[in-house]
Amino acid sequence: KEQLQLITDSIPGCIAFTDASQRYRFVNQTYEQWFQCRKEDILGFTVEEVIGTEAYQKAKPYIEQALAGERVTYEGELPYNSGKRYVSAVLLPQWDQEQQTVLGYYALITDITARKEAELAVQRTNQKLEALLNYAPVVITIFDRDGHYLDINSTGAEIIGLSREEVMGRKFSELL
């Protein structure tokens, strides 16, 4: 048990075992750090009590799937009491093979907030570039090495007399 605790405490994600009544029976050190409390303040308490009602309501359908015996993988934004986090979670049911019942589930939860924020920043940048490309009063084109259109803005397509979709992939020399 001590070796298992030592190993799981060194992992930068939350690892837990929650029983069928949704009470924590095992958590690693990352759980303590995320929720800013000691193991003693987590073990024996329900998931809702530890992560907060709002986050629990978002996680509840996945927890119910795990307690129904399904392996569950999901990503989402959870508004924990300690702050909003984007998480990637895997919930694995623990079966009692003799009675064919689910005893609880193991959870591995990773903070993917930095990745999600970077993805959103890239998405916003792409939207800005798309707007600049499409509303510039000049022709803007992108070609591959062989002279095929990879992109053209609305102004350029309008001058050529075709839609952007009709221009894509065609050679510049075809449209002259």
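Miscellaneous remarks
- Looking across the range 53-109, just one residue is open to solvent by 40 Å² or more (accessible area, probe 1.4 Å) and at positive phi, and that is Gln100.
- Of all residues in the range 112-121, at least one satisfies being in contact (Cβ under 8 Å) with a residue 12 or more places away in the chain and of a type outside the set (D, E, K, R).
To keep it simple, each residue is scored yes or no on (1) over 19 Å from Leu92 (Cα atoms); (2) crowded, with 16+ Cβ neighbours inside 10 Å.
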position	(1), (2)
Lys1	yes, no
Ser21	no, no
Trp34	yes, yes
Arg38	yes, no
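- Residues that are under 15 Å from Leu43 (Cα atoms) and among the β-branched types (Val, Ile, Thr) within the range 1-17 comprise just one, Ile15.
- The listed residue being within 30 Å of Tyr56 (Cβ to Cβ) and not hydrophobic (A, V, I, L, M, F, W, C), out of Glu165, Glu158, Glu119: Glu119
- Single residue of the range 81-123 satisfying the filter (more than 15 Å from Ile11 (Cβ to Cβ) and of a type in the set (Asp, Glu)) that is modelled with the lowest pLDDT: Glu98
- Of all residues in the range 54-76, those satisfying the criterion of being over 18 Å from the mean Cα position of the chain (by Cα) and not in a helix (DSSP H, G or I) are Ala68, Gly69, Glu70.
- For the range 143-176, a residue qualifies if it is within 38 Å of the chain's Cα centre (by Cα), farther than 18 Å from Ala131 by Cβ, charged (D, E, K, R) and surrounded by 11 or more Cβ atoms within 10 Å (Cβ to Cβ), and the qualifying residues are Glu166, Arg170.
- Hits in the range 141-176 (condition: touching a strand residue (DSSP E or B) at 6+ places or on another chain (Cβ under 9 Å) and either at positive phi or part of a helix (DSSP H, G or I) (or both)): Gly147, Gly156, Ile160, Arg164, Val167, Gly169, Phe172, Leu175
- Exactly one residue among Ser21, Ser88 is in contact (Cβ under 8 Å) with a residue 24 or more places away in the chain, of a type in the set (S, T, N, Q) and assigned to a loop (DSSP other than H, G, I, E, B), and that residue is Ser21.
- Some residue of the range 119-140 being hydrophobic (A, V, I, L, M, F, W, C), outside any loop (DSSP other than H, G, I, E, B), in contact with a strand residue (DSSP E or B) (Cβ under 8 Å, 6 or more places away or on another chain) and surrounded by 13 or more Cβ atoms within 10 Å (Cβ to Cβ): yes
The values are calculated or read from the model by the stated rules, or taken from the named source; none is laboratory data. Quick caveat, the model's predicted, so the values are computed rather than measured. Positions of Cβ are generated from backbone atoms using ideal geometry, with glycine treated the same way; all protein chains shown enter the neighbour counts. To get the accessible areas, we keep the full protein, side chains included, count just its heavy atoms, and leave off ligands, DNA and RNA. Shrake-Rupley method; radii C 1.70, N 1.55, O 1.52, S 1.80 Å.
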